[in-house]
Amino acid sequence: MNSSPHRRLAILSAPGSRGDVNPMLAIGTELKRRGYDVAISLAEPYADLAEAAGLEPHPLMDRQAFDTMLADPAMWTLLRGMRRVIGGVAAAYLQPLFDLIRSLHRPGRTVLVSHPLDFSARIFRDLDPTTPLVDVHLAPVMLRTPEQPARLTPWRFEPTRHRRTFRLAYWLGDKILLDPLLAGPINRIRRQHGLAPVRRIMHRWWLSPDRVLACYPEWFAPSTIDAIPQLRHVGFPLSDGPLSDGDLSDGPDQPLDLPTDRPLVFTAGSANWHTREFFLRAGEACVKLDRPGLLLGGNPDCFPPSLPPGVRTQGYVPLGKLLPHCSAIVHHGGIGTTSQALRAGVPQIIRPLAFDQFDNADRVAALGCGVCLHRDRDLAGKLAFVLNDVGTAESTRRIRDRFGGSSAPQLAADEIDAVLTGRIAQV
């Protein structure tokens, strides 16, 4: 980075798919507007998005490794997906990201802004307590709240969901799954720099002692209010990010051709390449309901070789612009897609596969804005229900009206700026 060492520097991390990258780019763009130099670590396929946003990208996973990860169908299963992400992504980022932070760091002028899969920034915060750390939590599932525990699985009985077994279940999860994946690599770096080892990584240690930003509103997850003293709710980022050359068939400089036939939208997320069977079911549902359909996928191989008339395909498209022109959306339950559908006021059918998706689906259902799909063969029936149910229509309108003019990236930047300013004043 060639800017003056006297300028304030924000080092952001976004290890993950586009749904992880877009919110961090929005926050980074706002910080840059306020005079910060902004560096961001991410996977190579998204480096051009960071450049388009005027940020300095640092790719820490090359395109081949990223594509290999997405090509693995185990990524989209419950336990194996968690192992792949935590063991493969988080642990692999550790040393390169720690080295990057050390190389860019400006003493007294740097703030670290971390994604939940970034444990390097937390290690650096322990090594240099004068450097503030701000965690960005995109979904409520990141917090362990016994009053209203997050849903982690599709299982009818889930030990973490019950008060009597809540603490024991998380303790076992830390001991059996999470610490074996993370504690070794994390403590190896800590020992190299004279820091004591840590355990139960994702219980309390991983949370920044300075600030944790909940990138969702309080009404979406009331149990997270006052969950930890350093938590601040800033609302949904609602950022689709800048477009890249491969996003739209007409190219990034062409206007988006918005639909006029109010189609049903189907997506399993930009990073899921294993969607042919789902999209076949989607086409069948559109025929059965006599509705047009729009299938969104992140790779040409996502789509079946042939589809019924009236069902079309497209690559990445900004959901914030698209969804107000659609009748309903069937999706995986990623928090970015979920929040855009809530803002657009369209009914949702969520078919969760892994990660935070089960919990997001639970919360949408509790709000009355959609239903969870357990079997794809029930897709047409679920769609017919949400399209015709008066209660769903009223709930989606009510929630849509809760979205005001406040900007989550601006509120996040306010918090980040305040944390760094306060730390500078203490020095």
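Could you give me the residue pairs with C-beta distances under 8 Å whose first residue belongs to region 343-359 and is farther than 18 Å from Met142 by Cβ, whose second residue is buried (at least 23 other Cβ atoms within 10 Å of the Cβ) and among the hydroxyl-bearing types (Ser, Thr, Tyr) wherever it lies, and which are 6+ apart or on separate chains?
Gly345/Thr396; Val346/Thr396; Pro347/Thr396; Gln348/Thr338; Ile350/Thr338
May I ask you to verify whether Pro116 is farther than 23 Å from Asn299 by Cβ and not hydroxyl-bearing (Ser, Thr, Tyr)?
Against the criterion (farther than 23 Å from Asn299 by Cβ and not hydroxyl-bearing (Ser, Thr, Tyr)), Pro116 qualifies.
Rundown of residues vs (1) closer than 26 Å to Tyr216 by Cβ; (2) of a type in the set (Lys, Arg); (3) part of a helix (DSSP H, G or I); (4) open to solvent by less than 30 Å² (accessible area, probe 1.4 Å), yes/no style:
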| residue | (1), (2), (3), (4) |
| --- | --- |
| Arg84 | yes, yes, yes, no |
| Ala90 | yes, no, yes, yes |
| Pro107 | no, no, no, no |
| Leu112 | yes, no, no, yes |
| Ala121 | yes, no, yes, yes |
| Val141 | yes, no, yes, yes |
| Glu147 | yes, no, no, no |
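Suppose we filter region 230-249 for residues that are crowded, with 17+ Cβ neighbours inside 10 Å and modelled with pLDDT of 85 or more; how many remain?
Looking only at region 230-249, we keep the residues that are crowded, with 17+ Cβ neighbours inside 10 Å, and these are 231, 233-244, 247-248.
Narrowing further to those that are modelled with pLDDT of 85 or more: 231, 233-240.
Residues meeting the conditions: 9.
Report, by residue number, each residue of region 200-226 that is open to solvent by 40 Å² or more (accessible area, probe 1.4 Å), in a loop (DSSP other than H, G, I, E, B) and in contact (Cβ under 8 Å) with a residue 24 or more places away in the chain.
Within region 200-226, Arg200, Pro209 meet the criteria.
Select from region 1-51 the residues that are assigned to a helix (DSSP H, G or I) and under 18 Å from Ala90 (Cα atoms) and list them in ascending order. If you could, list the steps in order and put the result at the bottom.
Taking region 1-51 and keeping what is assigned to a helix (DSSP H, G or I), we get 18-33, 44-51.
Those that are assigned to a helix (DSSP H, G or I) and under 18 Å from Ala90 (Cα atoms): Arg18, Gly19, Asp20, Val21, Met24, Glu44, Pro45, Tyr46.
So how many residues does region 274-328 have that are among the hydrophobic types (A, V, I, L, M, F, W, C), within 21 Å of Asp67 (Cα to Cα) and in contact (Cβ under 8 Å) with a residue 40 or more places away in the chain?
Final tally of qualifying residues: 2.
Going through region 8-65 one residue at a time, which ones are charged (D, E, K, R), touching a residue at least 24 places away in the same chain (Cβ under 8 Å) and closer than 29 Å to Gly87 by Cβ?
Scanning region 8-65 gives Arg18, Asp20, Asp48, Glu56.
It is to be established whether one or more residues within region 324-337 are of a type outside the set (Lys, Arg) and open to solvent by 50 Å² or more (accessible area, probe 1.4 Å).
Here is the first cut: in region 324-337, the residues of a type outside the set (Lys, Arg) are 324-337.
Checking which are open to solvent by 50 Å² or more (accessible area, probe 1.4 Å) leaves us with 324-325.
Scanning region 324-337, I find at least one residue that is of a type outside the set (Lys, Arg) and open to solvent by 50 Å² or more (accessible area, probe 1.4 Å), so the answer is yes.
Please find, within region 149-169, the residue that is modelled with the highest pLDDT out of those that are under 17 Å from Thr338 (Cβ atoms) and open to solvent by 30 Å² or more (accessible area, probe 1.4 Å).
If we filter region 149-169 for residues that are under 17 Å from Thr338 (Cβ atoms), which is where we start, we get 150-152, 154.
Within this subset, residues satisfying the condition of being open to solvent by 30 Å² or more (accessible area, probe 1.4 Å) are 151-152, 154.
Values: Arg151: 90, Leu152: 86, Pro154: 85.
This residue is Arg151.
Yes/no matrix, rows are residues, columns are (1) surrounded by fewer than 17 Cβ atoms within 10 Å (Cβ to Cβ); (2) modelled with pLDDT of 95 or more:
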| residue | (1), (2) |
| --- | --- |
| Gly19 | no, no |
| His58 | no, yes |
| Arg63 | yes, no |
| Phe66 | no, no |
| Trp76 | no, no |
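In region 293-307, what residues are part of a helix (DSSP H, G or I) and either open to solvent by 30 Å² or more (accessible area, probe 1.4 Å) or hydroxyl-bearing (Ser, Thr, Tyr) (or both)? Show your work before the answer.
First pass over region 293-307, keeping only residues part of a helix (DSSP H, G or I): 300-302.
Scanning region 293-307 gives Pro300, Asp301.
Limited to region 405-427, what total is found for residues that are open to solvent by less than 40 Å² (accessible area, probe 1.4 Å) and under 21 Å from the mean Cα position of the chain (by Cα)?
Going residue by residue through region 405-427, those that are open to solvent by less than 40 Å² (accessible area, probe 1.4 Å) are 407-409, 412-413, 416, 419-420, 422-423.
Still in the running and under 21 Å from the mean Cα position of the chain (by Cα): 407-409, 412-413, 416.
Adding up the residues that qualify gives 6.
The values are calculated or read from the model by the stated rules, or taken from the named source; none is laboratory data. Quick caveat: nothing in here was measured; it's all calculated off a predicted structure. All Cβ positions, even for glycine, are placed from backbone atoms using ideal geometry, and neighbour counts span all protein chains on display. Side chains are part of the model used for accessible areas, which takes the heavy atoms of the whole protein and leaves out ligands, DNA and RNA. Shrake-Rupley method; radii C 1.70, N 1.55, O 1.52, S 1.80 Å.
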